[in-house]
Amino acid sequence: MNFIDGLNMKLAAALLVGLAGAALAVGGCGGQGSSAAVAVEWGYSGPGAPENWASLSEEYAACAEGRRQSPVDIVGYRAGAAGPLSFAYGSAAPSVRRDAAFTHVEYAPGNVFTDGQRSFQLKSAHLHAPSEHRIDGLSFAAEMHLVHEDDEGGLAVVGLMYNLGAPNPVVQAVLDAAPEPGGSVAGGNALAAVSYVPDEGGYYRYEGSKTTPPCSEPVVWYVMKEALTVSPEQVDGLQALSGGPTNRPLQPLNGRGITVYSSAAPCSGKFRLGSGSPHTCGGCCCRLGPVG
Ligand SMILES: [Zn+2]
């Protein structure tokens, strides 16, 4: 054995130790993970860290080669033709599933998100801590991703930002519901989709990607302007569930434009929809459920 071979063996041994300790992570922004065998699972540290995602599987090539990747710093935005969003959300979550990186709150069809042109069904929700997107260079303590899909498989993700402050009841409901890693439990009313609906309708829109492997493009992103609050203890709780921070580094805009929509009027309460009754949303967001 020469010196180089010995060095290689040490490197190989170190790599194996690293692999054994690597966080296993599937899912994330709409992904159900890859069915193909992957030697190293992606995560946020160690051999599976974001800078290595594209080298872990051919299916992850877009993580390095994509030109419309997420997250981004939301800067240089302009008012555009975008209109108000509609969240016709209502139902409770049938299940809560946990993998190595995220706790996914999963929804059956019936919670519809519309951007004025296209309609999507809410599939799942999960939280990153700290935030993945920045707005004018500013990071947030946490970011919720509401993952939607349309009939053709098109993806739309709504991002909700959280500043440090008062505890958030929805975040607490996610923390309370989280099962053991790899497990799944019933969701229930504490995680009814209606609880995500923002009170104000302003948002930023751009075309990006999943922020987790396979980093698929395109994903239409709607990052809400209104920031909610989350307590430091809740941020600690989210990171404890994930084994550390879960934010992919910022990706270049590559000339992409970002549209900003400022709500004409803030939503002052809940709107009762459904039952065939006509409804208006007042230029902001809609809620499905009891008024008040
Ligand atoms: Zn996400």
Could you please let me know if V96 is of a type outside the set (K, R) and over 30 Å from E180 (Cβ atoms)?
no
Are any of the residues in region 83-96 under 25 Å from S45 (Cβ atoms), of a type outside the set (G, A, S) and buried (at least 20 other Cβ atoms within 10 Å of the Cβ)?
yes
Evaluation of P94 against (1) under 16 Å from R248 (Cβ atoms); (2) away from the ligand (no atom under 16 Å from the Cβ) (one fails), failing number:
(1)
The correct count of residues that are part of a strand (DSSP E or B) and closer than 17 Å to S231 by Cβ in region 157-189 is 5
I'd like to verify a number: residues in region 183-200 that are touching a strand residue (DSSP E or B) at 6+ places or on another chain (Cβ under 7 Å) and either exposed (fewer than 14 other Cβ atoms within 10 Å of the Cβ) or under 18 Å from A101 (Cβ atoms) (or both), how many?
4
Within region 209-227, can you find the residues that are crowded, with 22+ Cβ neighbours inside 10 Å and more than 15 Å from L146 (Cα to Cα)?
P213, P214, C215
Within region 120-154, can you find the residues that are within 13 Å of the ligand (Cβ to nearest atom) and either surrounded by fewer than 22 Cβ atoms within 10 Å (Cβ to Cβ) or part of a loop (DSSP other than H, G, I, E, B) (or both)?
K123, A129, P130, S131, E132, H133
Unmet criterion (only one of (1) at pLDDT below 95; (2) under 28 Å from N189 (Cα atoms); (3) loosely packed, with under 13 Cβ neighbours inside 10 Å) for A240
(1)
Answer yes or no: is there a residue in region 110-119 that is within 16 Å of the ligand (Cβ to nearest atom), crowded, with 20+ Cβ neighbours inside 10 Å and closer than 25 Å to S231 by Cβ.
no
Scope region 25-72; condition modelled with pLDDT under 90, surrounded by 14 or more Cβ atoms within 10 Å (Cβ to Cβ) and out of contact with any Gly (no Cβ under 7 Å at 6 or more places or on another chain); matching residues
G28, C29, G30, G31, S34, V38
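Listed here are the residues, each with its yes/no results for (1) of a type in the set (D, E, K, R); (2) at pLDDT 95 or above.
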residue: E207; (1), (2): yes, yes
residue: S216; (1), (2): no, yes
residue: E226; (1), (2): yes, no
residue: T229; (1), (2): no, yes
residue: G283; (1), (2): no, no
residue: C286; (1), (2): no, no
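The values are calculated or read from the model by the stated rules, or taken from the named source; none is laboratory data. Source: prediction; values computed, not measured. Virtual Cβ from ideal backbone geometry, glycine too; neighbours counted across all protein chains shown.
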